[in-house]
Amino acid sequence: MNILVLGSGGREHALAWAIKQNPKCDRLIVAPGNAGIADLAECAALDILDGAAVVEFCGENAIDFVVVGPEAPLAAGVADALRAAGILTFGPSAEAARLEASKAFTKEICDACNAPTAGYARFTDLAAAKDYVTEQGAPIVVKADGLAAGKGVIVAMTLDEALAGLDEIFGGAFGAAGAEVVIEEFMAGEEASLFILSDGETALAVGGAQDHKRVGDGDTGPNTGGMGAYSPAPVLTDAIAEQAMAEIVRPTIAEMARRGTPFQGVLYAGLMIENGRARLVEYNVRFGDPECQVLMMRLGAQALDLLQACAEGRLAEVQPVWADDHAITVVMAANGYPGDYAKGSQIRGLDELPDDSLNMVFHAGTAARDGAIIASGGRVLNVTARGASLAEARERAYAMVDAIDWPGGFCRRDIGWRAL
Ligand code: AMP
Ligand code: GLY
């Protein structure tokens, strides 16, 4: 099987790493890829937001299966273009990708299928939104409707923060994504993520994880794309996962099918857990980054069989096989992230690290220059390990972190603390 993975981050490195271990995989291309991915797959320059270009590339390279990593190509309809051209594809249609691309749409679906989530109201008018927020009081959550690279959400602990957030969104800080706002009830509790494959009909949970969104130890400082993750997440017990499947996920999948826009791909359900019950915070229509890295570390080669069964509409026939194990990933980021940071600093010591089924450094933002690996993004490396316990996995991961010589980067030292 010739396989094309779209994307260039740690998530795509982890997907490629798992896929490559499966004997079914003949040729593996990742577009555009990165310096770490280049160690195990061919990397190709390709505009992954251009459906026609991706279809043409697949024809030229006899691609049998495409796995779409990030949300942007999905929202842009790349999976639609591929399926229309008869190419087997993992990833939802643009219509189904609205579960991530529009927060108001997700609320509409939750209403239609009675899924537990925060109460909300929608506004396209600043004055009306301000009146509503003032009437409700803080804490309250203000969200730009559309895709804003994780930045369009203001969890306001005071009324002033909420009003400032509304000014920012309606002031155009997020462009068209902020033409509408969703204002939500603040939910207390502990967050966890559940990952579900769906072929449009069947929904199959393929693991849970918890990430660390704040940049600093002890969950302090500004929000980031995620500074580390681990799986399984103890807070997401089997009973809570089943409640989330029964009350949130399966009804969503059924409602999408009923509307004639079935969801096919991976649904990432962000859950808020309080008093033994989960409510939906948000959906994403792709694997989490860095959550994917820990899931792939645990699934290994079977990930390809699962993704393929999902794309072929055969999910009812497969089940993931879980070892009784734990995985953790520690994100190493460029100094300054998530604020301004420099690119181009050299990373040393990677070659001496183990890379096997227990230890793997996934690259998130690297490039090769004159035979050296340099940092080319904010989040740069995902140092990932597996073990019989979370403590063992964590020890392995930080041993690798300590062996990496990169003065230009930093990481949190407490990934996994909630579970340990
Ligand atoms: P979202 O992009 O919708 O996941 O929001 C980003 C983060 O904001 C979430 O991971 C939560 O930590 C927080 N958040 C979003 N909505 C709520 C809510 N209704 N109550 C409490 N926290 C929230
Ligand atoms: N780690 C959070 C995300 O992928 O959205």
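Numbers for the structure displayed
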{"item": "Which listed residue is closer than 24 Å to ALA244 by Cα and away from ligand 1 (no atom under 13 Å from the Cβ), from GLY218, GLY228", "result": "GLY228"}
{"item": "Selected residue (criterion: nearest to ligand 2 (Cβ to nearest atom)) from residues of region 211-245 that are open to solvent by less than 10 Å² (accessible area, probe 1.4 Å) and part of a strand (DSSP E or B)", "result": "ALA229"}
{"item": "Helices (runs of 4 or more DSSP H) fully within region 101-204 counting 2 or more residues that are polar (S, T, N, Q) and open to solvent by 60 Å² or more (accessible area, probe 1.4 Å)", "result": "126-136"}
{"item": "Hits in region 253-278 - residues which are farther than 19 Å from SER102 by Cβ and not small (Gly, Ala, Ser)", "result": "LEU271, MET272, ILE273, GLU274, ASN275, ARG277"}
{"item": "Residue in region 280-288 that is open to solvent by less than 50 Å² (accessible area, probe 1.4 Å), within 16 Å of ligand 1 (Cβ to nearest atom) and either in contact with a Cys (Cβ under 8 Å, 6 or more places away or on another chain) or polar (S, T, N, Q) (or both) present", "result": "yes"}
{"item": "Pick from region 395-420, criterion assigned to a loop (DSSP other than H, G, I, E, B) and out of contact with any strand residue (DSSP E or B) (no Cβ under 8 Å at 6 or more places or on another chain), ranking: nearest to ALA372 (Cα to Cα)", "result": "PRO407"}
{"item": "Helices (runs of 4 or more DSSP H) completely within region 250-365 that count 3 or more residues being away from ligand 2 (no atom under 16 Å from the Cβ), aliphatic (A, V, I, L, M) and in contact (Cβ under 8 Å) with a residue 24 or more places away in the chain", "result": "250-258, 302-311"}
{"item": "Cross-chain or 6+ apart pairs with Cβ under 7 Å, region 175-203 first and in contact (Cβ under 8 Å) with a residue 24 or more places away in the chain, then assigned to a helix (DSSP H, G or I) and of a type in the set (Phe, Trp, Tyr)", "result": "GLY178/PHE170; ILE183/TYR132"}
{"item": "Pairs with Cβ under 7 Å, 6+ apart, first in region 78-97 and farther than 23 Å from TYR283 by Cβ, second part of a loop (DSSP other than H, G, I, E, B)", "result": "ILE87/ILE63; LEU88/ASP64; LEU88/GLU312"}
{"item": "Members of region 36-62 that are surrounded by fewer than 21 Cβ atoms within 10 Å (Cβ to Cβ) and in a loop (DSSP other than H, G, I, E, B)", "result": "LEU40, ALA44, ALA45, LEU46, ASP47, LEU49, ASP50, ASN61, ALA62"}
{"item": "Lone qualifier among ILE240, ILE183, ILE248 - being at pLDDT 95 or above, more than 15 Å from ligand 1 (Cβ to nearest atom) and not polar (S, T, N, Q)", "result": "ILE240"}
{"item": "Filtered residue count, region 131-162, keeping only those that are touching a helix residue (DSSP H, G or I) at 6+ places or on another chain (Cβ under 6 Å) and either more than 26 Å from ALA75 (Cα to Cα) or β-branched (Val, Ile, Thr) (or both)", "result": "7"}
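The values are calculated or read from the model by the stated rules, or taken from the named source; none is laboratory data. Just so it is clear, the model here is predicted, and its values are computed rather than measured. FYI the Cβ positions are ideal-geometry reconstructions off the backbone, even for glycines, and counts take in every protein chain you see. Quick note on the areas: whole protein, heavy atoms, side chains included, nothing else; ligands and nucleic acids left out. Shrake-Rupley method; radii C 1.70, N 1.55, O 1.52, S 1.80 Å.
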